[in-house]
Amino acid sequence: MSQTNNSLKSGSLFKPELVKELISKVQGKSVLANLSGQTPIPFNGVEQFIFNLEGNAQIVGEGELKQAGKAVLTSKVINPLKFVYQARITDEFKHASEEKQVEYLSQFMDGFAKKMAEAFDLAAIHGLEPRSMTDASFRATNSFDGVITGNIVTFEEGRIDDNIDAAVQQIVALGGEVTGLALSPAAGQALAKLKVNGVVQYPEFRFGQNPDSFYGMKSDINKNLVAKGGTAETDHVIVGDFQNRFKWGYAENIPMEIIEYGDPDGSGRDLKAYNEILLRAEAYIGWGILDENAFARVKA
């Protein structure tokens, strides 16, 4: 970071290279970002189109009629939502050296990335408003709990591998493919415990390990699959085509605001009275589940 005392002021934007660094950190901590491809989204949203082509291609001989095929076109509009994270720090920040400011901002960016990752998963998986942990308006239309209601398997700890296989088979039966596997900590532990004739079947999951692949699928164990609040469900496994049928992205401008007066976070403490300032950053993140038949859930 090369922002100086003079250039760092209210309403300034994180530089593009810092935004890329921040989003990279989000990808490392969000299970959905980790399993899927990330595409930047324009500020006003983007429409993702899906073509479903039916029937086979035709080899046309000379003078032969070209027969009509059938294409079904569906679309999904992805609109970014505003995520806000803010933190109080001592007002010594304003007068600190550039080196010290960089240290403060690095810590703030780490915290911001972690909060963005958690909020993104809670919203997109469970349809929750992350701060209040209540159902968001988009729960039924743009969250895994709300949209994936057909391909469901009931969680059985001692048969977790069979649960995963049953979920995969539901997708395959509908003509889909599976590129990623999201697991709750309980599901990861269940795989670690499975033994046949005393032989551990999935040693890569033992001792709290989190392998990044499972039978050719990209995988991730993440606590965000389990959440309490609203009508959130306990998802022990989400499996499906994360690479092609789930899209997410971010608007490239991430503003940071320095607030010096009042009680902007509603904590009941006046900033000036406690020699504090508040750093606030806002990010616009959007996502879309493009095909509900491309995913299945194993839930409690």
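The values are calculated or read from the model by the stated rules, or taken from the named source; none is laboratory data. Everything numeric here is computed off the predicted structure, so don't read it as measured data. Here the Cβ positions follow ideal geometry from the backbone for every residue, glycine too, while neighbour counts run over all protein chains shown. In case anyone asks, the SASA skips ligands and DNA or RNA and just uses the protein heavy atoms, side chains included. Shrake-Rupley method; radii C 1.70, N 1.55, O 1.52, S 1.80 Å.
Under the shape rule built on the C-alpha gyration tensor, where the axes satisfy a ≥ b ≥ c, the stretch 186-239 is prolate, since a/c reaches at least 1.5 and a/b is greater than b/c. Spacing of the modelled spin labels on E177 and S267, each 7 Å from Cα toward Cβ, amounts to 4.9 nm. Relative intensity of the stretch 154-285 on a log10 scale, I(q)/I(0) at q = 0.16 Å⁻¹, equals -0.88, per a Debye sum over C-alpha point scatterers of equal strength in the absence of solvent.
Note on the stretch 208-300: Cα-only Rg and Dmax are 20.0, 58 Å. The string of couplings for the stretch 209-214 from the Karplus curve (6.51, -1.76, 1.60, θ = phi - 60°) is 6, 10, x, 8, 8, 8 Hz, one whole number per residue in order, with x for Gly and Pro. At a probe radius of 1.4 angstrom, the accessible area of the stretch 202-291 per residue rounds to 45 square angstrom. Taking a ≥ b ≥ c as the square roots of the eigenvalues of the Cα gyration tensor, an a/c ratio of 1.5 or more together with a/b no larger than b/c marks the stretch 122-198 as oblate.
Solvent-accessible surface (1.4 Å probe) assigned to Y85 amounts to roughly 50 Å².
May I ask for the net charge around N293, where only other residues with Cβ less than 13 Å from the Cβ of N293 are counted and Lys, Arg are +1 while Asp, Glu are -1? Write out the running numbers ahead of the final one.
Working: positive: R245, R297; negative: E177, D241, D291, E292.
Local charge sum for N293: -2.
In the assembled protein chains, F155 presents an accessible area of approximately 50 Å² (probe radius 1.4 Å). In this structure, the amide hydrogen of F246, modeled 1.01 Å from its nitrogen in the peptide plane, lies closer than 5 angstrom to those of L290, counting only residues at least 5 positions away or on a different chain.
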